[in-house]
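As structure tokens, the structure follows; a few thoughts come after it.
The values are calculated or read from the model by the stated rules, or taken from the named source; none is laboratory data. Note that the structure is a prediction, hence the values are computed from the model and not measured. Neighbour counts run over all protein chains shown; Cβ positions are idealised from the backbone, glycine included. For the accessible areas, the whole protein counts, side chains as well, though only heavy atoms, and no ligand, DNA or RNA atoms are used. Shrake-Rupley method; radii C 1.70, N 1.55, O 1.52, S 1.80 Å.
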Amino acid sequence: MVSLFRSLESSASALTAERFRMDIISNNIANVNTTRTPEGGPFQRHLAVYSTKYDRGKPAGVQVVGVIKDQTPSKLVYNPGHPDADPRGYVAMPNVDVVSEMVDMISAARAYEANVTVINEAKRMMLKALEIGR
């Protein structure tokens, strides 16, 4: 029974991590055309960083340990009429690729769904175990 609770905890932590990842991806897509940020320059793609979570020395799920900025260079697009164009007419655009973000979103959604399935199966197994004990 303890291992079933551990699987519930692991899957619950994965649900939280994947939801956070979806939030990061959504933010990246929302800023696909942001050429100005408070730090200066175009928006930089963000990535979630995960780490294994441990409980008494045993793996017990996943945790988000931070968010980093993707260091891929910005894309230069020729658009001399843009307010952020340099003297040559090029605009530094965010390093966000919508297709890659959508692939990441699908991956996060599938991982989320898989962990929901694990939780549902663990609950089903616990109920069966209780039925046996009657």
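Taking residues in region 87-98 that are within 9 Å of Arg45 (Cα to Cα), and partners anywhere that are open to solvent by 20 Å² or more (accessible area, probe 1.4 Å) and of a type in the set (Asp, Glu), the pairs with Cβ atoms closer than 9 Å and at least 6 places apart or on different chains are Asn95/Asp70; Val96/Asp70. Taking each residue of region 37-58 that is among the charged types (D, E, K, R) and looking for partners that are open to solvent by 60 Å² or more (accessible area, probe 1.4 Å) with beta-carbon atoms closer than 6 Å, six or more apart or interchain, yields Lys53/Gln63. Residues in region 5-14 that are open to solvent by less than 30 Å² (accessible area, probe 1.4 Å) and either hydrophobic (A, V, I, L, M, F, W, C) or out of contact with any strand residue (DSSP E or B) (no Cβ under 6 Å at 6 or more places or on another chain) (or both): Ser11, Ala14. Take the conditions (1) polar (S, T, N, Q); (2) in contact with an Asp or Glu (Cβ under 9 Å, 6 or more places away or on another chain); (3) assigned to a helix (DSSP H, G or I); Thr117 misses just one of them, which is (2). Could you tell me whether region 19-35 includes any residue that is closer than 24 Å to Ala111 by Cβ, open to solvent by 80 Å² or more (accessible area, probe 1.4 Å) and in contact (Cβ under 8 Å) with a residue 40 or more places away in the chain? So far as region 19-35 goes, yes, one or more of its residues are closer than 24 Å to Ala111 by Cβ, open to solvent by 80 Å² or more (accessible area, probe 1.4 Å) and in contact (Cβ under 8 Å) with a residue 40 or more places away in the chain. Here Arg88 meets the list (1) more than 30 Å from Ser3 (Cα to Cα); (2) assigned to a helix (DSSP H, G or I); (3) charged (D, E, K, R) almost entirely, failing just condition (2). When you go through Ala60, Ala114 one by one, which is the residue that is among the small types (Gly, Ala, Ser), open to solvent by 50 Å² or more (accessible area, probe 1.4 Å) and more than 22 Å from Asn28 (Cα to Cα)? None of the others qualify; the one that does is Ala114.
This table checks each residue for (1) under 20 Å from the mean Cα position of the chain (by Cα); (2) open to solvent by less than 90 Å² (accessible area, probe 1.4 Å).
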| site | (1), (2) |
| --- | --- |
| Tyr54 | no, no |
| Leu76 | no, no |
| Pro80 | no, yes |
| Gly89 | no, yes |
| Ser107 | yes, yes |
| Met126 | no, yes |
